[in-house]
Amino acid sequence: MLALLNRLMNRKPLRVALLGFGTVGSSVARILVERPELGVHVQLTHIFNRDVARKRASWVPASVGWTDSIDELFAAQPDAVVEVVGGVEPAGSWVRRALTQGVSVVTANKMLLAAHAPELLHLAATNGVQLRFEAAVAGGVPLIHGVREGLAGDRLTRVAGILNGTSNYVLSRMADSGEPMSLVLDEARKLGYAEADPSADVDGDDAAAKLVVLAGIAFRRHLRLSDIPRQSIRPVSSADFRYAQRLGCTIRQIAMVEKPHQRAGVPVEDLAASEGFHAFVGPALVLCGSHFGLNADANNVVTIAGHYGGENSFSGAGAGGPATAVAVVSDLLSLTQRTHERGEEWPSARVAPPPARPYYLRFVVRDRPGILASIAASLARQRINLDAVLQEPGYPKDALPFVITVEACEAASLRAALDEIAKSDVHAESPLALPMLLGDRERP
Ligand SMILES: NC(=O)c1ccc[n+]([C@@H]2O[C@H](COP(=O)([O-])OP(=O)(O)OC[C@H]3O[C@@H](n4cnc5c(N)ncnc54)[C@H](OP(=O)(O)O)[C@@H]3O)[C@@H](O)[C@H]2O)c1
């Protein structure tokens, strides 16, 4: 008892250096300054940023050293470094340097992790320090803690979520207002939800990087970022929301990774090892009343499916300085509690072709007799069964949208059918195919 008391009394706060004093970095400093009770655990000692003079803030205590020299920062021998600079380099070199010198790292940097997580986790383990990254996925939502600790007892089978706030804002606003994407994107830029160039968000690169990190946490496997198939939300139109609604659905950008489905006599673990994991980022039809369909604005929601525990969902603010900084500070506090945590490794795994799914197919055609029969024939040649045909009134004959939903089919067969269909000169726009993620209803 006396020994424990002595240990607690002698425990010194973790000396923390902040790399990057931007949106997240300044919010991390704010929390540490505004919550002095955390000072017994964590003490901010240095802030590093390029051209640091212009960054100095009067509310930061005078005891904190400001520097734009990374060598000076490492010479001060912090116990932990918070990397909130962003990008793969030079942030990656600084993280490696910290880990090699026996300094634990907390980072919010999904791009760095998607590119180099296995190497960095190995470096942390061999140097007996920790690499924590709660803020890298879903901002302030305690998803990584939830999956890594809260669901450690389950055998996880699927992680699916809305991981990009900008795309969710755009799609949920289009669903509510009926406005076209160009207008909604302009609005999102004005509100600060979208960058001047929103490509990384709307084309799926941001969500794919987060998915790589989530797959590592859920399955302890590293998928190569460039292997993850992604589809842009750009072709989704107001008409698609009208048709989706008739099917009881709406459209969201979904990021999903799952183990292959069980096959008689073959354990799922063996299948995942031999065939890899199904992974996908792109727009999909989801039921209006599902967690995904109800998720509005820039919020994130992630559903984790487990063999024993069924589905659990996490949701909340996926970005923003203060929310993300909460995740960083929580990681710092957990560093002070887990000095003996074992390191983890993420061996590489392959991305497998998608499983058979039902699809929503939208065509925009210059109307003339026989179009539907010809499309149906192309689908039949690939043994794809039609489920429903929908056509809303009120569209012009020279750009007439209509929708065919098809029963679960292989993506490769669908691609072959669509390639054949697209050769016809009737199309005013390229056909759009979206997977329908309807839970149990999607399986034949
Ligand atoms: N913002 C969010 O909501 C959010 C949410 C989750 C995760 N994240 C992640 O958090 C990280 C930081 O994002 P952020 O939004 O805080 O970015 P940010 O506002 O651009 O802040 C980055 C800071 O790092 C500094 N910096 C950049 N490159 C540097 C270099 N080569 N040398 C020294 N300093 C450098 C920048 O200085 P300058 O002022 O000179 O540019 C800036 O102060 C990223 O990995 C991001 O993906 C952000």
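Only the coordinates and a few stated rules stand behind these numbers; no lab work does. Here the structure is a predicted model, which means the values were calculated and not measured. Glycine also receives a Cβ, built like all others from the backbone with ideal geometry; neighbour counts cover every protein chain displayed.
At-a-glance table
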quantity	calculated
Within the chain, helix-based [θ] at 222 nm, where runs of 4 or more DSSP H residues each add -39,500 (n - 2.57), nearest 500	-10500 deg cm²/dmol
Kyte-Doolittle at least 0.0, axis length at least 15 Å by Cα - qualifying DSSP helices, the chain	23-34, 110-126, 205-219, 321-337, 371-381, 411-422
Alpha-carbon centroid distance for the pair the stretch 295-318 / the stretch 322-379, whole angstrom	13 Å
Positive minus negative residues near ASP206 (Lys, Arg vs Asp, Glu; Cβ under 13 Å)	-2
Whole-Å distance, taken between Cα centres, linking the stretch 177-206 and the stretch 397-432	26 Å
Over the stretch 317-444, relative contact order from alpha-carbon pairs under 8 Å, at least 6 apart, %	34 percent
Of LYS210/LYS423; LYS110/LYS190; LYS12/LYS210; LYS190/LYS259, those spanning more than 29 Å from alpha-carbon to alpha-carbon	LYS210/LYS423; LYS12/LYS210; LYS190/LYS259
Over the stretch 143-317, relative contact order from alpha-carbon pairs under 8 Å, at least 6 apart, %	34 percent
Relative compactness, the stretch 38-80, computed as alpha-carbon Rg over 2.2 N^0.38 Å	1.18
Residue among ALA114, ALA416, ALA80 with the largest mean-square fluctuation in a Gaussian network model of the chain, springs linking Cα atoms under 10 Å	ALA416
Listed residues LEU163, LEU414, LEU19, most fluctuating in the chain (Gaussian network, C-alpha, under 10 Å)	LEU414
Charge tally in the Cβ shell below 13 Å around ARG189, where Lys, Arg are +1 and Asp, Glu are -1, ARG189 excluded	-3
Neighbourhood charge, 12 Å Cβ-Cβ cut-off, centred on SER374 and excluding it, Lys, Arg +1 and Asp, Glu -1	+1
Listed peptides 181-187, 249-255, 233-239, 324-330 by packing density, highest first (mean Cβ within 10 Å)	249-255, 324-330, 233-239, 181-187
Antiparallel content of DSSP bridges confined to the chain, in %, to 5	65 percent
Length-normalised contact order of the stretch 2-132 in % [C-alpha pairs under 8 Å, at least 6 apart]	23 percent
GluC sites (Glu not before Pro) lying in DSSP loop within the stretch 378-444, provided at most 16 other Cβ fall within 10 Å	GLU410
